[in-house]
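Shown next, in structure tokens, is the structure this report addresses.
The values are calculated or read from the model by the stated rules, or taken from the named source; none is laboratory data. Remember, it's a predicted structure, so these values are computed and weren't measured experimentally. With ideal geometry, Cβ positions are generated from the backbone for all residues, glycine too; neighbour counts draw on all protein chains shown. Please note that ligands, DNA and RNA were not included when accessible areas were found on the heavy atoms of the full protein model with its side chains. Shrake-Rupley method; radii C 1.70, N 1.55, O 1.52, S 1.80 Å.
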Amino acid sequence: MNPKRIIIDTDPGVDDALALLLALASPEIQLEALTTVHGNTNVENTTRNALAVLEFLHAADIPVAQGCSLPLLVPLHKSGDAVHGTGGIGNTNLPDPKVKPVDEHAVDYLIQRVLAEPKEISIFPIGPLTNIALAIRKEPRFAEAVKELVIMGGSLRAGGNITPAAEFNMHADPHAAHIVFHSGIPITLIPLDVTYKCLLTSEDVERLNRIDAPIARFVRDATAVYMEFYKKYEGFNGCALHDPLTLATIIAPELLTFENHYVDVDISGGVSMGSTLADFMKVSKKPANVKVALGVRGREFVELFIERMEALSALGGGA
Ligand code: BDR
Ligand code: CA
């Protein structure tokens, strides 16, 4: 089977960086481009980090387009330094990238790529949805031409990770999420309900580091601050592989179980602003707009992630 052609819209970000590693370690995936957005850190940092990770993996030929620096209506989210480290990828210290982003803004780049090959390219948004919402609004043919979106975000029954009700990517730009969820684009959602079942532990990272390789060290350095945060605030010894789990829809879909639901995003401005609400009881009588992952064999996914990192190390990635 031909590899699946994807563009990742991202805000690296520790787990974003791990998702990029996993994409490049997976022969089932053809990573066509990255577009960047504000989120875990500012967009200058997320762009720098995206370029630096690609160079680290000898994949600097993959284009990167820098996107929105601000959400549509709400103020920019406070810095995620405590979770993702000051530069955005924990304690890693990748050299400044030599390659520059493409000249086009991410919104125009996405429109141009998708319209050039309608229904061919899947977009994997793993940060706030600002770029995708603006592409939908700027070019009315965009929604029809995108093959699908596989989004990391939201929480249907698991509570929030940035407010008691909301997940970070949705809360960082709730109006953008609202536009996207009502766009008619086929959406697969990977919410906290499943990502919190995919915990990479410090033992896993130690095990991976039995190989003396740059990739293994990168995973250790990237996750160190992230794991401290989880230990302090969430009480466990590890970190959730939120963004990498979107790629399981390609490389190991059998690990996930899905349900189709009508899902809306709260933009009413109250305490549950940015929360995602699924109509489980079908009271609204509205047709499902989202295919949502609600079950995962989490440990198997983490093992698969580690295997792919070992394989990438053996290939000399990052050396
Ligand atoms: C999401 O928020 C970000 O901090 C992570 O990179 C992930 O995309 C998890 O809620
Ligand atoms: Ca992210």
Among (1) of a type in the set (A, V, I, L, M, F, W, C); (2) within 16 Å of ligand 2 (Cβ to nearest atom); (3) over 20 Å from GLY274 (Cβ atoms), there is one condition VAL37 misses while meeting the rest; what is its number? (3)
Residue ranges of strands (runs of 3 or more DSSP E) in region 1-104 with at least 3 members among the polar types (S, T, N, Q): 29-36
If you check ALA165, ALA177, which single one turns out to be hydrophobic (A, V, I, L, M, F, W, C) and within 16 Å of ligand 2 (Cβ to nearest atom)? ALA177
A careful count of residues in region 279-319 that are open to solvent by less than 50 Å² (accessible area, probe 1.4 Å), of a type in the set (A, V, I, L, M, F, W, C) and without any contact (Cβ under 8 Å) to a residue 60 or more places away in the chain gives 1
Total residues in region 85-128, condition surrounded by 22 or more Cβ atoms within 10 Å (Cβ to Cβ) and within 16 Å of ligand 1 (Cβ to nearest atom): 11
Name, by its number, the condition in (1) surrounded by fewer than 21 Cβ atoms within 10 Å (Cβ to Cβ); (2) under 15 Å from ALA50 (Cβ atoms) that does not hold for ASN131. (1)
Within region 163-277, strands (runs of 3 or more DSSP E) holding 3 or more residues that are under 27 Å from ILE123 (Cβ atoms): 187-190, 256-261, 263-265
Is it the case that GLY184 is within 16 Å of ligand 1 (Cβ to nearest atom), within 22 Å of the chain's Cα centre (by Cα) and more than 20 Å from THR10 (Cβ to Cβ)? no
If we keep only residues of region 134-156 that are more than 20 Å from GLY80 (Cβ to Cβ) and in contact (Cβ under 8 Å) with a residue 60 or more places away in the chain, then the residue surrounded by the most Cβ atoms within 10 Å (Cβ to Cβ) is VAL150
Would you confirm whether any residue within region 168-176 is open to solvent by 30 Å² or more (accessible area, probe 1.4 Å), among the aliphatic types (A, V, I, L, M) and either on the phi < 0 side of the Ramachandran plot or modelled with pLDDT under 95 (or both)? no
If I ask for residues that are surrounded by fewer than 24 Cβ atoms within 10 Å (Cβ to Cβ), within 19 Å of GLU117 (Cβ to Cβ) and of a type in the set (A, V, I, L, M, F, W, C), which ones from region 23-41 would you list? ILE29, LEU31, ALA33
Residues of region 42-63 satisfying the condition of being farther than 23 Å from ASN2 by Cα and open to solvent by less than 20 Å² (accessible area, probe 1.4 Å): VAL43, THR46, THR47, ASN49, ALA50, LEU51, ALA52, VAL53
